[in-house]
1. For region 165-174, enumerate the residues that are more than 16 Å from the ligand (Cβ to nearest atom) and either within 20 Å of Leu12 (Cα to Cα) or outside any helix (DSSP H, G or I) (or both).
2. So which pairs qualify, if the first residue must be in region 63-86 and farther than 19 Å from Lys115 by Cα, the second must be part of a helix (DSSP H, G or I) and open to solvent by 10 Å² or more (accessible area, probe 1.4 Å), the Cβ gap must be under 7 Å, and the two must be at least 6 apart or on different chains?
3. Go through region 52-72 and count every residue that is in contact with a helix residue (DSSP H, G or I) (Cβ under 6 Å, 6 or more places away or on another chain), more than 16 Å from the ligand (Cβ to nearest atom) and not in a loop (DSSP other than H, G, I, E, B).
4. Scan region 141-164 and give yes if some residue there is closer than 20 Å to Ile63 by Cα, without any contact (Cβ under 8 Å) to a residue 24 or more places away in the chain, more than 13 Å from the ligand (Cβ to nearest atom) and part of a helix (DSSP H, G or I), otherwise no.
5. Just to check your reading of the model, which residue among Arg183, Arg259 is part of a helix (DSSP H, G or I), more than 16 Å from Ala154 (Cβ to Cβ) and either out of contact with any Phe, Trp or Tyr (no Cβ under 9 Å at 6 or more places or on another chain) or of a type in the set (Val, Ile, Thr) (or both)?
6. Has region 115-127 got at least one residue that is within 27 Å of Asp191 (Cβ to Cβ), in a helix (DSSP H, G or I) and not β-branched (Val, Ile, Thr)?
7. Taking region 173-204 only, how many residues are touching a His at 6+ places or on another chain (Cβ under 7 Å) and at pLDDT 90 or above?
8. In region 128-140, which residue that is part of a loop (DSSP other than H, G, I, E, B) and either in contact with a helix residue (DSSP H, G or I) (Cβ under 6 Å, 6 or more places away or on another chain) or near the ligand (Cβ under 7 Å from one of its atoms) (or both) is nearest to Arg295 (Cα to Cα)?
Amino acid sequence: VVVIADEAVAALHATALVTSLRDAGKSVSLQVVPPGEESKVLSMAAMLYGRLLEHGVDRHDLIVALGGGVVCDLAGFVASTFLRGIPHLQVPTTTLAAIDATIGGKTALHAPFGKNLIGTTYPPKAVLIAGTHLASQPRREHTAGLVEALKLAATLDATLFDTIGREASRLLACAEPTLNVLRRAVVLKADLLGRHDFVAGERTVLSFGHCVGEAIEAGAEHRLLHGEAVALGMLAETEWAEAEGWCAGISGALATVVRALGLSNDWRACAIDERGIGGEAKRRGSNLRLAYVPRIGSHEVRTVPAAALIEFVRRRRTP
Ligand SMILES: NC(=O)c1ccc[n+]([C@@H]2O[C@H](COP(=O)([O-])OP(=O)(O)OC[C@H]3O[C@@H](n4cnc5c(N)ncnc54)[C@H](O)[C@@H]3O)[C@@H](O)[C@H]2O)c1
């Protein structure tokens with residue numbers, strides 16, 4: 001078994017995992033990479049291929065990713081490409097990795113020509129989520145990760161939405177209902193991905209908040225975490241849907257939960273890189289596919305002119 005972790009997570013959690021695997025009779029090697037997005041690159045994958053070769057790893061062996069989305073992406077990519085694919089397990093240690101990065105089987109590395117542009121689709125044998133791992137992640141990471149659960153709740157599950165609002169303070173402390181909320185979010189996402197064609201299917205609901213959120217993330221020059229920007233994007237897109245008359249009263253409900261999670265709901269004050277609105281993935285020529293929430297716990301998708309959303313954002317922003 002080859003366990004891959006970054007330095008921060010290895011220091012906290014690798015000993016317990018490696019010891020339990022050795023106690024179970026496994027031969028274990030721990031491979032540690034530097035923390036951060038800089039590790040999600042081909043040169044790091046090449047370094048790991050070298051280590052796997054040194055250890056004589058073959059297709060009967062197992063890679064275990066222990067870490068946040070960076071390590072899960074890197075280790076998943078290495079597992080999918082070494083010897084044309086060897087089995088791997090994902091042990092996510094951030095909330096984002098638990099309910100987003102490890103569900104759906106996508107792996108990605110950054111390239112000099114853009115982020116996440118080299119990758120594979122290679123589901124792990126299992127995803128093992130432990131409260132003890134999640135409890136030590138940076139608080140801001142956890143909060144931003146909870147936005148993914150909020151997005152799934154707003155678009156798919158009104159009961160989960162109520163739970164997140166009601167239990168926000170305990171969720172922020174990673175206390176009692178956290179694993180149940182994450183479990184429900186994982187089931188919602190896995191069901192959604194399972195129902196649609198794995199690669200090319202209709203996943204627009206998962207991009208709720210991303211048309212504007214990614215432009216806010218770019219405008220903040222990455223000082224905002226992805227989840228923080230998506231929360232603001234969900235509010236902006238919902239306000240637009242309300243202005244167009246497609247729904248009513250949703251942005252207020254969303255803003256209340258976003259605030260309860262300790263996040264900003266003031267998207268109007270954000271720097272927004274308008275060129276990023278709708279990103280390439282959501283564009284269809286001059287139109288984009290936009291998911292919105294007609295009632296909490298449900299969603300609809302419309303093809304809308306990108307220019308209309310850009311104009312709305314421009315007019316509503318606080319100068
Ligand atoms: N493959 C996918 O479908 C997918 C989906 C979403 C995001 N991602 C990727 O995930 C990455 C972001 O993931 P992330 O937010 O988890 O970042 P990350 O993996 O960089 O972790 C954030 C920081 O928290 C530390 N950390 C992680 N777990 C910890 C713990 N339990 N205790 C203490 N410290 C801990 C890490 O060392 C790191 O410094 C991005 O590269 C993104 O592209 C992939």
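The values are calculated or read from the model by the stated rules, or taken from the named source; none is laboratory data. What you are looking at is a predicted structure, and each value in this text was computed from that prediction instead of being measured. So basically every Cβ, Gly included, is an ideal-geometry build from the backbone, and we count neighbours across all protein chains shown. Areas reflect the complete protein model, heavy atoms only, side chains present, ligands, DNA and RNA absent. Shrake-Rupley method; radii C 1.70, N 1.55, O 1.52, S 1.80 Å.
1. Glu167 - this is the single residue of region 165-174 that is more than 16 Å from the ligand (Cβ to nearest atom) and either within 20 Å of Leu12 (Cα to Cα) or outside any helix (DSSP H, G or I) (or both).
2. Leu66/Val9; Leu66/His13; Leu66/Leu17; Gly67/Val9; Phe82/Tyr49
3. Result for region 52-72: 1.
4. Checked against the condition, which is being closer than 20 Å to Ile63 by Cα, without any contact (Cβ under 8 Å) to a residue 24 or more places away in the chain, more than 13 Å from the ligand (Cβ to nearest atom) and part of a helix (DSSP H, G or I), region 141-164 yields no hits at all.
5. The unique qualifying residue is Arg183.
6. Filtering region 115-127 for residues within 27 Å of Asp191 (Cβ to Cβ) gives 116, 119-127.
Restricting the remaining residues to those that are in a helix (DSSP H, G or I) gives none.
No; the residues of region 115-127 include none that is within 27 Å of Asp191 (Cβ to Cβ), in a helix (DSSP H, G or I) and not β-branched (Val, Ile, Thr).
7. Qualifying residue count, region 173-204: 1.
8. Of everything passing the filter in region 128-140, Ile129 is nearest to Arg295 (Cα to Cα).
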